[in-house]
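Comments concern the structure below.
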Amino acid sequence: MQRRVVMASPLIGAAALALPAAAQPAGVVMDEVLIAGSQPGTQIYLRNKRPEAAAAARPDRVVLCVHGATYPASTAFDLALSGVSWMDYMAGRGFDVWSLDLAGYGRSTRPAGEVGTPPTRGEQAVADIAAALKHIREARGVTRTGLIGWSWGTSLVARFAADNPGLVDRVVLYAPLWLRDPANRGAVPVPEGPLQPYRTVTRAQARERWLAGVPDNKRAALIPPGWFEHWADTTFATDPEGSRQVPSVLRAPNGVLQDIRDHWDAAKPFYDPAKVTVPALLVLGEWDRDTPPSMANTLFPQMVNSPGKRLTILAEGTHTMMLERNRGALFQTVQVFLEESFG
């Protein structure tokens with residue numbers, strides 16, 4: 001079965017997800033761990049949310065979330081807004097859900113790198129994912145897990161799934177990255193010449209990029225009051241060195257920009273979609289400028305061996321829809337896919 005859904009309306013809004021403010025929603029527990037990363041001397045940060053009274057782990061109920069090019073997973077997938085994060089939402093529905101900050105991001109080690117050889121290239125990131133999944137499989141006694149990737153993270157989880165089909169139950173490609181149209185490369189520009197190890201982003205730049213492509217008459221209502229500030233405070237705090245600068249900045253490894261140059265701008269995909277042989281959901285917001293719907297529409301028919309694949313474009317959402325007013329539509333769309341039986 002193959003399914004393409006276009007312009008799905010928001011199903012539930014922020015208010016419908018609201019829970020009383022607390023350290024964790026009732027019935028959800030959290031664990032954190034640092035494990036050895038793929039790059040020498042690095043540690044990578046894993047966070048886990050699961051039901052307090054969880055039954056024995058099942059492969060179709062264990063999921064790892066992987067972030068994109070700039071921001072860590074821990075402050076995107078697990079940022080409590082109106083009292084609940086996306087990880088809380090999944091854990092509240094019986095899932096054992098993990099997030100991974102790749103090397104150079106969030107609470108993981110930031111490798112030094114050198115000019116011309118920035119850290120955390122795609123191959124290194126996939127190796128970090130492999131290390132995280134090995135830890136999860138051993139901790140939970142399962143043979144495979146689900147994967148959710150965001151933006152650049154979609155290419156990483158799809159590559160892992162293509163190379164290791166026996167270790168993956170299903171994949172969610174949220175805001176999927178594919179070959180870039182030369183006319184759209186300004187959304188995520190790649191500078192000329194040898195790349196510095198890291199780039200920096202200010203809060204103002206983050207907000208400007210977030211709202212790019214949103215109609216002027218929709219901008220004010222896109223992000224509820226206080227949500228952007230909460231996200232920025234939490235995210236920028238993961239980089240103590242950047243936080244000391246004026247204005248404060250967040251550092252992000254430039255390995256992804258080298259990957260964009262070598263793969264996505266050079267018509268040399270990082271993975272072969274035909275080698276993804278597990279169920280796959282492609283989902284994104286209609287106002288996504290970083291990975292626009294044209295990318296998903298090009299990628300979708302190439303996933304010829306993914307059983308039950310589907311593509312959903314959600315109304316009134318951007319690249320960062322998980323942190324917006326209509327995030328409930330994204331959560332529910334993904335949850336339906338995660339809970340579906342693929343016999």
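Computed quantities for the displayed model
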item	result
Calculated FRET value between residue 305 and residue 34, using beta carbons and R₀ = 25 Å, to 0.05	0.10
For residue 312, distant residues with modelled amide H under 5 Å away	5, 282, 283, 284
For residue 245, net neighbour charge (Lys/Arg +1, Asp/Glu -1) across residues whose Cβ lies under 14 Å away	+2
Net lengthening on full extension, residue 52/residue 265 (0.36 nm per residue, minus Cα-Cα)	72.2 nm
Euclidean distance between Cα centres, the stretch 242-286 to the stretch 289-316, Å	16 Å
Spatial separation of Cα centroids for the stretch 131-175 and the stretch 199-219, in angstrom	30 Å
Among 78, 128, 31, residue whose mean-square fluctuation peaks in a GNM of the chain (springs only between Cα atoms under 10 Å)	31
Tensor-based shape of the stretch 120-207 (alpha-carbon gyration tensor, a/c under 1.5 rounded, otherwise prolate or oblate)	prolate
Relative contact order, percent, the stretch 52-110 [alpha-carbon distance under 8 Å, six or more residues apart]	40 percent
Qualifying trypsin sites (Lys or Arg not before Pro) for the stretch 205-272 [loop in DSSP, other Cβ within 10 Å: at most 13]	244
Inter-label distance, nm, simple model (7 Å from Cα along the C-beta direction), residue 237/residue 184	3.5 nm
Cleavage-rule hits (trypsin sites (Lys or Arg not before Pro)) in the stretch 62-129: DSSP loop, at most 14 neighbouring Cβ within 10 angstrom	93
DSSP beta bridge pairing in the chain, given as percent antiparallel to the nearest 5	45 percent
Spin-label pair residue 339/residue 248, simplified geometry with 7 Å Cα→Cβ offset, distance in nm	3.7 nm
The chain, relative contact order [Cα under 8 Å, separation at least 6], %	24 percent
Spatially proximal lysines relative to residue 268 (Cα-Cα < 27 Å; intrachain offsets below 8 disregarded)	309
For the stretch 30-38, Karplus couplings with θ = phi - 60° (6.51, -1.76, 1.60), whole Hz, Gly/Pro x	10, 10, 9, 7, 9, 10, 5, x, 6
Structure-based [θ]222 nm, the chain - -39500 (n - 2.57) summed over DSSP H runs of at least 4, per residue, nearest 500	-7500 deg cm²/dmol
Phi to ³J(HN,Hα) by Karplus 6.51 cos²θ - 1.76 cosθ + 1.60 over the stretch 231-236, Hz, x for Gly, Pro	4, 5, 4, 5, 6, 5
Three-way shape call for the stretch 178-292 based on the alpha-carbon gyration tensor, with the a/c threshold at 1.5	oblate
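A short reminder: the numbers here are calculations on the coordinates, not readings from a lab. Nothing here was measured: the structure is a model prediction, and the numbers come from that model. Virtual Cβ from ideal backbone geometry, glycine too; neighbours counted across all protein chains shown.
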